[in-house]
Amino acid sequence: MNLKTTYMGLELKNPVIAASSPVSQNIDSIRSAADAGAAAVVMFSLFAEQLETGSETPYLPDVYTVDPEAYLNLLSLAVKTAGIPILGSLNGITSEGWVEYAKKVEQAGAAGLELNIYHVAADPGETGADIEKRHLDILKAVKNAVRIPVAMKLSPYFSSLGNMAGQFDDAEADALVLFNRFYQPDFDLDAMEVEATLDFSTAAEIRLPLRWIAMLHGKLKASLAASIGVQTGAEVVKYLLAGADAVMTASALIKNGPEYAGTLIKELQEWMRIKEYDSVEQFKGTMSQRAVPNPGEFERANYIKVLETYRRKQD
Ligand SMILES: Cc1cc2nc3c(=O)[nH]c(=O)nc-3n(C[C@H](O)[C@H](O)[C@H](O)COP(=O)(O)O)c2cc1C
């Protein structure tokens with residue numbers, strides 16, 4: 001069975017990638033994911049705040065308090081010993097400091113670089129156009145600085161996501177990762193405090209990225225990676241059917257251990273065997289918007305249909 005896929009110009013032995021998360025916090029865990037069959041590992045992010053101050057920031061999780069030098073050393077060790085492509089990750093909201101570290105990540109041997117522009121657009125004085133421009137400026141600055149492929153990990157909250165994806169594509173993003181999962185604070189009613197919750201994702205959460213991957217597949221030069229909600233091989237298969245070139249997973253590997261990447265791959269193979277597919281290429285994108293008989297399924301027409309099925313259920 002041929003599970004190969006090409007993601008951001010990299011030949012991967014299968015589509016399952018360990019997403020940026022604490023799975024990459026130490027070399028043993030990176031190797032476990034690699035040994036289990038993960039095709040690539042995205043390192044946890046270096047945060048812009050760390051790069052600017054050179055020190056820990058109060059809101060970084062403990063696992064991420066490594067200094068940039070240690071990060072680069074771990075990345076370089078992973079590149080030398082894991083035997084699969086290792087991607088770096090930078091997380092921030094401005095381009096300051098990024099370009100320098102993008103180069104260092106490249107020098108450390110990363111096969112590619114993921115940019116996570118984690119921004120909550122809450123400033124009433126800042127327009128959507130301002131935010132879009134900042135994203136593009138960061139991408140262009142990093143693309144100019146490195147030769148390795150660069151992926152943009154996107155927020156789902158752009159008002160015109162299709163257009164934004166096209167703009168990233170024009171600016172030569174090598175891949176788009178759909179989506180970044182923004183953490184949403186809750187309230188602790190006993191302590192009367194804002195609670196920073198870190199819930200793991202559920203399989204139901206694949207639907208937002210699934211729809212967008214299905215709608216963008218075949219329309220861009222950039223590769224597409226799915227991120228959010230992969231718990232079993234079924235979600236991997238669905239994302240590939242929608243047209244993802246690679247499928248990333250974080251929550252499932254944190255919960256079940258990095259070896260769980262192997263289970264996801266086995267379940268993908270098992271599904272391919274039952275459906276008699278010999279290669280991932282054979283079915284990738286076959287349920288994308290372009291490929292399905294009724295493309296409206298992904299848009300407004302489907303909403304009307306869904307409401308009708310709801311009414312039928314009530315009758
Ligand atoms: C504990 C934890 C830490 C994470 N750290 C990062 C990070 O450093 N950089 C990043 O881009 N994404 C980070 N993520 C987000 C994941 O890469 C992923 O996009 C998100 O969890 C959705 O995928 P999942 O449903 O498979 O968990 C983190 C996720 C978790 C759960």
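Here the chain carries DSSP beta bridges of which approximately 15% are antiparallel, counting only pairs with both residues inside.
Counting Lys and Arg as +1 and Asp and Glu as -1 over every other residue whose Cβ lies under 13 Å from the Cβ of Glu205, the net charge comes to +2. Charged neighbours of Thr127, selected by a Cβ distance under 14 Å, balance to -2 (K, R count +1; D, E count -1).
Take every pair of alpha-carbon atoms less than 8 Å apart whose residues are at least six positions apart; their mean separation over the length of the chain yields a relative contact order of 19 percent. Return the single residue from Phe187, Phe179, Phe47 with maximal mean-square fluctuation; model: Gaussian network over the chain, springs between Cα atoms under 10 Å. Of Phe187, Phe179, Phe47, the most mobile in the Gaussian network model is Phe187. List residues of segment 214-243, by number, whose backbone nitrogen lies under 11 Å from a label position 7 Å along Cα→C-beta of Glu270. Counting backbone N atoms under 11 Å from the label point, the list is 233-234.
Across Ile254, Ile84, Ile304, mean-square fluctuation computed from a Gaussian network of the chain (C-alpha pairs under 10 Å connected) peaks at Ile304. For segment 269-313, GluC sites (Glu not before Pro) meeting the loop criterion (DSSP other than H, G, I, E, B) and having at most 16 other Cβ atoms within 10 Å: Glu276, Glu299. Would you mind classifying the chain by shape? Square roots of the alpha carbon gyration tensor eigenvalues, ordered a ≥ b ≥ c; an a/c under 1.5 is rounded, otherwise it is prolate if a/b is larger than b/c and oblate if not. Rounded.
Given a cut-off of 27 Å, name the pairs among Lys133/Lys238; Lys140/Lys238; Lys238/Lys266 whose C-alpha atoms lie farther apart than that in the structure shown.
Working: Lys133/Lys238 32 Å; Lys140/Lys238 32 Å; Lys238/Lys266 15 Å.
Cα-Cα > 27 Å for Lys133/Lys238; Lys140/Lys238; rest within.
Taking Cα centroids, how far is segment 82-122 from segment 170-204 in Å? Spelled out, the Cα-based centre of one part sits 19 Å from the other. At full extension, Glu193 and Arg207 could sit 1.9 nm farther apart than now, given 0.36 nm per residue minus the alpha carbon distance.
Using helices alone, I'd like the mean residue ellipticity at 222 nm for the chain: each DSSP H run of four-plus residues gives -39500 (n - 2.57), total over residue count, nearest 500. Show your work: numbers first, answer last.
On the way: 12 runs with 129 residues, N = 315.
So the helix-based figure for the chain works out to -12500 deg cm²/dmol.
Amide H contacts for Ser279 (H built 1.01 Å from N in the peptide plane; partners 5 or more residues away or on another chain; cut-off under 5 Å): Asn2. The trypsin sites (Lys or Arg not before Pro) of segment 187-239 that meet both conditions, a loop assignment by DSSP and at most 11 other Cβ atoms within 10 Å of the site Cβ, are Lys221.
By its C-alpha gyration tensor, with a ≥ b ≥ c as the square roots of the eigenvalues, how is segment 167-315 shaped: rounded for a/c under 1.5, else prolate for a/b larger than b/c, else oblate? It is rounded, given that a/c, with a ≥ b ≥ c, falls under 1.5. Based on every Cα atom in segment 68-108, Rg and the maximum pairwise Cα distance Dmax equal 10.8, 33 Å.
FYI, it's all coordinate maths here, none of it is from the lab. Keep in mind it's a predicted model, so treat the numbers as computed, not measured. Don't worry about glycine lacking a Cβ; one is built from the backbone with ideal geometry, like all the others, and counts go over all protein chains shown.
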